[in-house]
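Student: Got a structure for you, questions after.
The values are calculated or read from the model by the stated rules, or taken from the named source; none is laboratory data. As the structure is a prediction and not an experimental result, all values here were calculated from the model. Backbone-built Cβ (ideal geometry, glycine too); neighbour counts: all protein chains shown.
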Amino acid sequence: MRRRAIAVLAVLACQVLGGCAPEAAPSDEDLQSLCGRNSRLQDVQSYDGSFGVPTAFVNRHHLAVGLLRWKDDLATRYLREAGNVSGQGWCTGTLIDDDLFLTAGHCLDSDDTGKWQLPREKGNVLLRPAELAREFVVDFRYENPALPGAPTSQNRAEVLRLEEYREGGLDYAILRLSDHPGQRNGITRISPSDATPGSTIAIMQHPAAEPMKIAAGPALRVEGARISYDTIDTLGGSSGAGILDAASGKLVGVHTNGGCTKNGGGENSGVTIGALLAVSRRLQDGMLANLVDHSRDFMVGDWDHDGHGDLAVFHDGCLYPDVNHDGEQDGRICPADPSADQYFVGSWQPGGPSQLAWRRRNCVYLDTNPKQPLCYGDEPFELMVMDWDGDGRSDLGLRKGSCFDFDTDLDGVLDQPRYCYGNGAAEDQYLAGNWDGHRGSVAVRQGATILIDVDHDGNADDARTYGKGGDEDQYLVGDWDGDGRADLALRRRGICWLNHDGEGSQPEPRPFHDFWSEP
């Protein structure tokens, strides 16, 4: 009797939430999650940067997002009680550790929803959430390729068990997955604090179980356990998607509820990370508490022009470099635009120290001439900085798929023949550096292996293996020992581990003291 009561409550909760399970096409109810008449969702591999987060943000953070999908053999195991969800995509979620997947709790609720009938035990007995969890797999990198026929790196993990479910009455669940998929796809770090109203947030999701999409916009309200947004579209299947802070890329919530209307009213919402951290026993556990991350991404430049790469942190509109490598910031550099979409480091004047550049949409601004934008059309691209022609001045490279166009004159005109290397979005990451001491060139990261095309012919000339691939917080490139050649480094929280010779020698730790969150 108790299980029947729970099931009735689950049905009512699902009706209130809207979109507990995805439809093949949006239903009238699902449309209420669109904040207006037209969808503002874009494929992650074709994202054009128009939502207020840069394309590089999406390239980096989409890898840890997965689609929770029912196993496709339910009929052979449950026979007449198999329901009709076999192989159906269901909800979105995010890797928060090598094998821990965070999603919405109602994705594991026990009763039927809308047109979907769930598998049951013999005699029409409902399966408990822990039993349902084992009937799922998670598909990672399920995406529409930017170019037809482009290779993909889609991969799958099975759900082993339900680790945590609706603690404190909050709508979330943590699943344990097989084969440590975070080591291949990376993980999303957890913010120690909630988003602030008005700050930009992004949701990468599988609406209606479709290939991954992105939507972004401002947080409308953050009140108690609820974060709401009225310009970010979602659909059934988006439930469980991570809500990311656009400035840090860290998880600040879990999307759970529709509520927007096609007439522009209402709001979508989710559970705040602060509320989740307060109730989750798993995340309070000593071994897992390190998933909550105060660190920030590093930037690399030669700020004192001594030939050695220096670390820097961008915080509150200014750059704070550590030029003497003692772990403390040495002054600050504040660009003319303190709130651009993205910031870059380059040597815009040969023979001088590193300087900043920033990007707004498809226009780039150099610190040397901040009032003169360099604009590059309407197509989405990832911007990379390197001295491509070896003249001692940094150039701008625009990556579109697997190919690059270069502006070596820094005049807003693409003036080098197109160069292609790697497999575009199927690669884990593109990196740039002066690997041979003569000119900049491109590398691709595949897991922990970095394949470098030194001679610009589109083929790998050198391979280096370093770190744990997607499990690392950040891969960096810099000239750490002043020999004129680029080397690798890894950021693990607030420590950068420098690899000087590319041959797997003992890495050197270089910390950066946390001045942005500590008193």
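Student: Spot the failing condition for D233; the list is (1) farther than 21 Å from Q88 by Cβ; (2) assigned to a strand (DSSP E or B); (3) of a type outside the set (K, R), and only one is missed.
Tutor: The single condition D233 does not satisfy is (2).
Student: Now, a different point. Is it fair to say R361 is crowded, with 18+ Cβ neighbours inside 10 Å and modelled with pLDDT under 90? Step through it out loud before you land on a result.
Tutor: Working: crowded, with 18+ Cβ neighbours inside 10 Å: no; modelled with pLDDT under 90: yes.
Criteria not met by R361.
Student: Hey, another quick one. Quick test for you: out of S46, S33, pick the one residue that is touching a Leu at 6+ places or on another chain (Cβ under 7 Å) and modelled with pLDDT of 80 or more.
Tutor: S33
Student: Let me ask you something else. Could you please let me know if A432 is touching a Ser or Thr at 6+ places or on another chain (Cβ under 9 Å), more than 22 Å from G390 (Cα to Cα) and either of a type in the set (A, V, I, L, M) or assigned to a loop (DSSP other than H, G, I, E, B) (or both)? So that I can check it myself, show each step before the final result.
Tutor: Values: touching a Ser or Thr at 6+ places or on another chain (Cβ under 9 Å): yes; more than 22 Å from G390 (Cα to Cα): no; either of a type in the set (A, V, I, L, M) or assigned to a loop (DSSP other than H, G, I, E, B) (or both): yes.
The answer is no for A432.
Student: Let me ask you something else. With the structure loaded, tell me whether Y343 is of a type in the set (S, T, Y) and either free of Cβ contacts under 8 Å to residues at least 24 places away in the same chain or more than 18 Å from D514 (Cβ to Cβ) (or both) or whether it fails that test.
Tutor: The answer is yes for Y343.
Student: If I go through the range 224-270 residue by residue, how many of them are within 21 Å of the chain's Cα centre (by Cα) and either among the aliphatic types (A, V, I, L, M) or not assigned by TED's automatic domain parsing to the domain that holds G93 (or both)?
Tutor: So the count comes out to 11.
Student: I'd like the full set of residues that are in contact with a helix residue (DSSP H, G or I) (Cβ under 8 Å, 6 or more places away or on another chain), surrounded by fewer than 24 Cβ atoms within 10 Å (Cβ to Cβ) and closer than 24 Å to R166 by Cβ, limited to the range 227-260.
Tutor: N257
Student: Same structure again: Which condition number does G422 fail, the rest of (1) in a loop (DSSP other than H, G, I, E, B); (2) surrounded by 21 or more Cβ atoms within 10 Å (Cβ to Cβ); (3) more than 21 Å from the chain's Cα centre (by Cα) being met?
Tutor: Status for G422: all satisfied but (3).
Student: Of the numbered conditions (1) in a strand (DSSP E or B); (2) surrounded by fewer than 18 Cβ atoms within 10 Å (Cβ to Cβ), V385 satisfies every one except a single condition; which is it?
Tutor: So V385 meets the others, but not (2).
Student: Select, from L160, L63, L95, the only residue that is closer than 23 Å to K250 by Cα and assigned to a strand (DSSP E or B).
Tutor: L95
Student: Can you list residue pairs whose Cβ atoms sit under 8 Å apart, with the first residue in the range 449-465 being over 15 Å from E427 (Cβ atoms) and the second being surrounded by 14 or more Cβ atoms within 10 Å (Cβ to Cβ) and of a type in the set (D, E)? Count only pairs 6 or more apart in sequence or on different chains.
Tutor: Cβ pairs passing all conditions: V454/D436; V454/D461; V454/D462; D455/D461; D461/D453.
Student: Can you spot a residue in the range 271-290 that is among the β-branched types (V, I, T) and outside the structural domain of S193 (by TED's automatic domain parsing)?
Tutor: Looking through the range 271-290, none of the residues is among the β-branched types (V, I, T) and outside the structural domain of S193 (by TED's automatic domain parsing).
Student: Follow-up question, since we're still on this one. Look through V138, V65, V53 and report the one residue that is modelled with pLDDT under 90 and crowded, with 21+ Cβ neighbours inside 10 Å.
Tutor: V53
Student: What number of residues within the range 207-226 satisfy the criterion of being buried (at least 24 other Cβ atoms within 10 Å of the Cβ) and under 19 Å from G87 (Cα atoms)?
Tutor: Qualifying residue count, the range 207-226: 2.
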